[in-house]
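Chemist: One structure, pasted below without further comment.
The values are calculated or read from the model by the stated rules, or taken from the named source; none is laboratory data. Values in this document were obtained by computation on a predicted structure and should not be read as measured data. Please note: Cβ atoms are built from the backbone with ideal geometry, for glycine as well, and neighbour counts cover all protein chains shown. Heads up: the accessible areas ignore ligands, DNA and RNA and are worked out on the full protein's heavy atoms, side chains in. Shrake-Rupley method; radii C 1.70, N 1.55, O 1.52, S 1.80 Å.
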Amino acid sequence: MEIRAGKWKTFSTSRPKYTAIFLFLVVFAVYFLQHNMNILKFQNKTTPTTRVPNRQHINCSHHQLSPEERRLLYSIAWPETPRLPVPISLNTTSDPAHSTFTILPVRAGGQWHVGDELEALIQIGDFQGRPKQFGGDFLVARLHDRTLLAGVVGRVVDHLNGSYTAVFPLLWEGRAQVEVTLVHPSEAISVLHRLTMEQPNRLSYFSLFRSGSVSETVACNECLPPTQPLCNYTDLHTGEPWFCYKPKNLSCDTRINHFRGSPKHNLMAKEETLFQRGVNMKVFIQSSGSSNVTVLPKEKEPLQPVPIKVKSSTVKPEPAGYYYQGAWRALGGTTVRQFNNASAISQCLTDKVVHLYGDSTIRQWFEYLNSVLPDLKEFNLHSVKKTGPFMSVDMARNILVKYRPHAPPLSWTVIPANELHYIANELDGIVGGSRTVVVLSVWAHFGSYPIEVYIRRLQSIHRAVLRLLDRAPDTLVVIRTANLRALTLGIALSNSDWYSLQQDRALRAVFKGLNVHLVDAWDMVLAHHLSHEIHPQPPIIKNMIDVLLSYICPQENA
């Protein structure tokens with residue numbers, strides 16, 4: 001007890017000193033907290049004229065992945081391939097000329113019938129004729145007949161050992177031919193994957209800043225190296241990031257426009273040999289036997305096909321539909337009607353407002369409707385050609401069709417900065433209802449970025465669609481998916497079909513379970529006999545519009 005009392009006496013004599021220290025720490029803590037709260041408030045109210053710390057923009061991530069996003073990435077992951085040697089030896093890479101496919105015999109013997117499944121075994125070889133021992137090649141397949149104007153996409157299964165299986169549903173009687181295409185060898189996929197991770201800003205964008213007679217052009221992007229101060233144009237509502245280097249003599253709020261520059265692709269030695277048209281990029285693979293089959297009428301009691309229990313690595317499990325006599329027929333869901341004249345289309349669109357948002361592949365639909373409907377007149381908004389916004393009106397039938405491009409990244413001509421609107425914000429401004437149709441297409445300008453960037457944009461739109469359907473459940477929302485295109489070396493390195501495929505799969509995953517409808521552009525382009533184009537040719541567009549109109553005006557007895 002005496003010892004404790006002595007300690008207490010000692011503490012008591014020094015209490016004023018400790019009290020002063022304690023009060024100092026409290027005051028410092030309050031100041032520190034208040035200071036950081038002010039910083040947080042300022043960051044939450046960031047304006048387009050704010051200079052942001054460089055350390056925030058070293059890469060394109062900008063946020064930690066959620067468990068949902070990680071699951072999504074895992075679900076669309078591509079098979080891993082061995083590391084590429086430096087320099088690359090073309091001899092050991094996939095060669096379509098040394099690859100073959102073989103149609104497998106009918107399981108139960110006999111003949112092919114409508115309702116059966118046809119399988120083709122694909123074996124990939126290298127330039128020395130040796131069988132490949134691992135997977136990861138990007139293959140597409142279709143079953144078609146030019147005479148019948150019929151075609152359907154095949155499901156490609158990667159067995160991860162250099163062999164693949166293409167599976168086709170037999171949907172029409174008569175002749176059918178198997179076609180297999182090597183889009184990219186696995187080695188090219190490794191290069192494409194590396195480019196998105198190491199060079200996400202290889203497509204350069206710029207903005208002009210101007211005040212009076214002073215003007216300056218600076219680089220802009222979602223991913224900018226932290227070499228100088230930045231102007232932060234992150235959208236306040238969606239959180240979508242976009243940055244420009246700050247002009248030396250102008251403020252950030254003097255931005256005038258947005259445009260794309262020349263792409264810069266830094267390839268390693270001989271990597272360009274993996275992207276040769278007619279050699280190893282989008283080249284047909286020959287059949288080791290006949291590539292044709294004859295399909296008989298459906299049997300009364302067809303045998304049930306044995307399912308292949310291997311996860312598809314290239315396309316979704318089942319085709320969305322098929323062509324027959326040039327017309328698209330859906331497999332499940334809404335029956336596709338044929339709107340073959342202006343009267344039928346106008347009748348369907350009467351008293352409707354159609355909002356088209358996205359890239360030029362949906363602007364193509366606006367242009368198609370303008371071309372086939374003589375009473376739909378475009379109102380001159382004095383917009384920049386090919387960018388919009390655009391608007392057309394049929395006053396007699398009360399039809400309004402509007403188009404607006406999405407916000408950056410955009411790879412078109414010069415666009416005024418005040419016309420860069422995010423789709424999610426536009427959707428929040430729509431009242432919605434039974435007479436409102438919303439059509440979205442966002443994919444063609446995101447190929448050069450890591451897939452996480454695209455997923456973030458989709459999730460922003462997804463939340464806006466949820467809000468729209470919550471306040472107006474009878475609003476029709478339709479999404480156009482990605483499609484294949486013609487490839488050159490330059491296009492492949494930034495906008496390859498492989499990038500589009502990843503986006504297509506991500507889009508389906510993000511919007512799965514939501515009350516939206518898809519126009520499956522991927523299948524509709526791949527199944528058709530016409531060549532692949534970023535802007536599909538008129539017969540394909542006509543079929544896409546038929547699908548859209550069938551959603552708007554479903555068959556009464558369907």
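Chemist: Among the listed residues G154, G162, G109, identify the single one that is free of Cβ contacts under 8 Å to residues at least 24 places away in the same chain and among the small types (G, A, S).
Modeler: Numbers: G154 fails: free of Cβ contacts under 8 Å to residues at least 24 places away in the same chain; G162 fails: free of Cβ contacts under 8 Å to residues at least 24 places away in the same chain.
On inspection, the qualifying residue turns out to be G109.
Chemist: Continuing with this model, one more query. Only one of these is more than 25 Å from the chain's Cα centre (by Cα), modelled with pLDDT of 95 or more and not in a loop (DSSP other than H, G, I, E, B): A141, A176. Name it.
Modeler: Working: A141 fails: more than 25 Å from the chain's Cα centre (by Cα).
Of A141, A176, the one residue that is more than 25 Å from the chain's Cα centre (by Cα), modelled with pLDDT of 95 or more and not in a loop (DSSP other than H, G, I, E, B) is A176.
Chemist: Considering only region 94-116, how many residues are of a type outside the set (A, V, I, L, M), in contact with a strand residue (DSSP E or B) (Cβ under 6 Å, 6 or more places away or on another chain) and open to solvent by less than 50 Å² (accessible area, probe 1.4 Å)?
Modeler: 7
Chemist: Let me ask another. Any chance you could count how many residues in region 238-289 are more than 30 Å from L121 (Cβ to Cβ) and of a type in the set (S, T, Y)?
Modeler: So the answer is 5.
Chemist: Residue check: is V183 surrounded by 23 or more Cβ atoms within 10 Å (Cβ to Cβ) and either of a type in the set (G, A, S) or at pLDDT 95 or above (or both)?
Modeler: Working: surrounded by 23 or more Cβ atoms within 10 Å (Cβ to Cβ): yes; either of a type in the set (G, A, S) or at pLDDT 95 or above (or both): yes.
Considered against the rule, which asks whether it is surrounded by 23 or more Cβ atoms within 10 Å (Cβ to Cβ) and either of a type in the set (G, A, S) or at pLDDT 95 or above (or both), V183 comes out as yes.
Chemist: State which residue pairs qualify: first residue more than 12 Å from L369 (Cα to Cα) and inside region 326-350, second residue surrounded by 15 or more Cβ atoms within 10 Å (Cβ to Cβ) and of a type in the set (S, T, N, Q) in any location, beta carbons under 7 Å apart, and separation of 6 or more residues or different chains.
Modeler: A327/N543; W328/N543; T334/S550; T335/S550; V336/S550; R337/S550
Chemist: Among the numbered conditions (1) acidic (D, E); (2) under 21 Å from the mean Cα position of the chain (by Cα); (3) closer than 23 Å to G490 by Cβ, tell me where E240 comes up short.
Modeler: (3)
Chemist: Which residue pairs have Cβ atoms under 9 Å apart, sit 6 or more places apart or on different chains, and have a first residue in region 191-218 that is within 10 Å of S448 (Cα to Cα) and a second that is of a type in the set (D, E, K, R) and open to solvent by 40 Å² or more (accessible area, probe 1.4 Å)?
Modeler: As it stands, the answer is Q199/K264; N201/K264; R202/K264; L203/R260; L203/K264, since those pairs meet every condition given.
Chemist: Answer yes if at least one residue in region 114-131 is basic (K, R), over 24 Å from the mean Cα position of the chain (by Cα) and within 22 Å of G278 (Cα to Cα), and no otherwise.
Modeler: Looking only at region 114-131, we keep the residues that are basic (K, R), and these are 130.
Then drop every residue that is not over 24 Å from the mean Cα position of the chain (by Cα), which leaves 130.
Filter once more, keeping what is within 22 Å of G278 (Cα to Cα): 130.
Scanning region 114-131 turns up at least one residue that is basic (K, R), over 24 Å from the mean Cα position of the chain (by Cα) and within 22 Å of G278 (Cα to Cα).
Chemist: Could you please find all residues in region 262-287 being part of a loop (DSSP other than H, G, I, E, B) and surrounded by 13 or more Cβ atoms within 10 Å (Cβ to Cβ)?
Modeler: Taking region 262-287 and keeping what is part of a loop (DSSP other than H, G, I, E, B), we get 262-270, 275-276, 278-280, 282.
Correct list: P263, H265, L267, K270, F275, Q276, V279, N280, K282.
Chemist: Test V525 against the criterion of being assigned to a helix (DSSP H, G or I) and over 15 Å from A330 (Cβ atoms), and give yes or no. If you could, list the steps in order and put the result at the bottom.
Modeler: On the way: assigned to a helix (DSSP H, G or I): yes; over 15 Å from A330 (Cβ atoms): yes.
Answer is yes for this residue.
Chemist: Would it be correct to say that V478 is part of a strand (DSSP E or B) and touching a residue at least 60 places away in the same chain (Cβ under 8 Å)?
Modeler: Numbers: part of a strand (DSSP E or B): yes; touching a residue at least 60 places away in the same chain (Cβ under 8 Å): yes.
Yes; evaluated as a whole, the condition is true for this residue.
Chemist: Have a look at S434, S383 and point out the one that is out of contact with any helix residue (DSSP H, G or I) (no Cβ under 7 Å at 6 or more places or on another chain), open to solvent by 20 Å² or more (accessible area, probe 1.4 Å) and over 30 Å from R471 (Cα atoms).
Modeler: Working: S434 fails: over 30 Å from R471 (Cα atoms).
When all the criteria are applied, what remains is S383.
Chemist: If only one of L493, L514 is over 26 Å from E367 (Cα atoms), modelled with pLDDT of 95 or more and surrounded by 21 or more Cβ atoms within 10 Å (Cβ to Cβ), which one is it?
Modeler: Details: L514 fails: surrounded by 21 or more Cβ atoms within 10 Å (Cβ to Cβ).
Going through L493, L514 in turn, just one is over 26 Å from E367 (Cα atoms), modelled with pLDDT of 95 or more and surrounded by 21 or more Cβ atoms within 10 Å (Cβ to Cβ): L493.
Chemist: Could you tell me which of the residues E533, E556 is in a loop (DSSP other than H, G, I, E, B), without any contact (Cβ under 8 Å) to a residue 24 or more places away in the chain and among the acidic types (D, E)? Give the derivation first.
Modeler: Numbers: E533 fails: without any contact (Cβ under 8 Å) to a residue 24 or more places away in the chain.
Result: E556 is the single residue among E533, E556 that is in a loop (DSSP other than H, G, I, E, B), without any contact (Cβ under 8 Å) to a residue 24 or more places away in the chain and among the acidic types (D, E).
Chemist: Which ones in region 212-234 are over 19 Å from F259 (Cβ atoms) and of a type in the set (S, T, N, Q)?
Modeler: Listed by number, the residues that qualify are S213, T227, Q228, N232, T234.
Chemist: Whether any residue in region 203-212 is under 30 Å from S411 (Cα atoms) and charged (D, E, K, R) is what I want to check.
Modeler: So the first thing to find is which residues in region 203-212 are under 30 Å from S411 (Cα atoms), and the list is 203-212.
Those still in the list that are charged (D, E, K, R) too: 210.
Yes, region 203-212 has at least one match.
Chemist: Examine region 382-398 for a residue that is aromatic (F, W, Y) and in contact (Cβ under 8 Å) with a residue 40 or more places away in the chain, and state whether such a residue exists. It would help to see each step written out before you state the result.
Modeler: The initial filter retains those residues of region 382-398 that are aromatic (F, W, Y), namely 390.
Now restrict to residues that are in contact (Cβ under 8 Å) with a residue 40 or more places away in the chain: none.
No, the conditions are met nowhere in region 382-398.
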